[in-house]
1. Which percent of the accessible area of the chain is formed by carbon and sulfur heavy atoms (probe 1.4 angstrom)?
2. With every protein chain present, what accessible area does S106 have (1.4 Å probe, heavy atoms only), rounded to the nearest 10 Å²?
3. Calculate, for N70 and D132, the FRET efficiency according to 1/(1 + (r/R0)^6) with r their C-beta to C-beta distance and R0 25 Å; round to the nearest 0.05.
4. Could you check the spin-label model distance between E88 and T62? Points 7 Å from the Cα along Cα→Cβ, value in nm.
5. Among all helices in the chain defined by DSSP H, which have a length of 20 Å or more along the axis from Cα atoms plus a Kyte-Doolittle mean of at least -1.0?
6. Grab the Cα-Cα distance for N25 and T147, subtract it from 0.36 nm times how many residues apart they are, and report the gain in nm with one decimal.
7. Give me the Debye-computed log₁₀ of I(q)/I(0) at q = 0.14, 0.17, 0.20 Å⁻¹ for the chain, equal point scatterers on Cα only, no solvent, two decimals.
8. Give, in nm to one decimal, the length gained when the segment between L37 and K112 is fully stretched (0.36 nm per residue of separation minus the Cα-Cα distance).
Amino acid sequence: MNKNETLEAILVAKKSHLDRMDKVNRRINGNFEDALLLISRTECGFGTWFYGDKRLKSMLGTQFFENLENLHSKWHLEYHKIYEIFYEHENKKGLLSKLVGNKKISQMELDKAKLYFSELQTTTNELIKVIDASHRRLNALNESYFT
């Protein structure tokens, strides 16, 4: 990828995580139109970019790269907790609930999901800060680093 493609890819990766956060937020607030998907950290929009360009570690530097990697992994672990709450609920429902479309989860489970979401939001904010700093760092590099 050239410099412009790399800079665009990091913005797409950032948007991917923000879009996923919107879906989680809508689900927690009762909108069941968007299913929560279990996606590995290497297959999500961010992971595709992050693990797809082998030069990224040398361009960003080890500290930036590892910080991104650690926050991204943490994000997926926290996301998985929320996914499990809704996935378990949907797989526990009886036939009548499935036919009628009862998608209510217990208040206790919803409260847990909200707590996990606040943790996920904190991690997302940290991840976005590092993504933005990485974008600035990549933008400051000479075009020759990207060829």
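1. 52
2. Accessible area, nearest 10 Å²: 60 Å².
3. 0.90
4. 4.0
5. Span-like helices, by this rule, are 3-28, 107-140.
6. 40.0 nm
7. -0.70, -0.91, -1.15
8. 25.1 nm
The values are calculated or read from the model by the stated rules, or taken from the named source; none is laboratory data. Since the model is a prediction, treat every value here as computed from it, not as a measurement. Please note: Cβ atoms are built from the backbone with ideal geometry, for glycine as well, and neighbour counts cover all protein chains shown. Side chains are part of the model used for accessible areas, which takes the heavy atoms of the whole protein and leaves out ligands, DNA and RNA. Shrake-Rupley method; radii C 1.70, N 1.55, O 1.52, S 1.80 Å.
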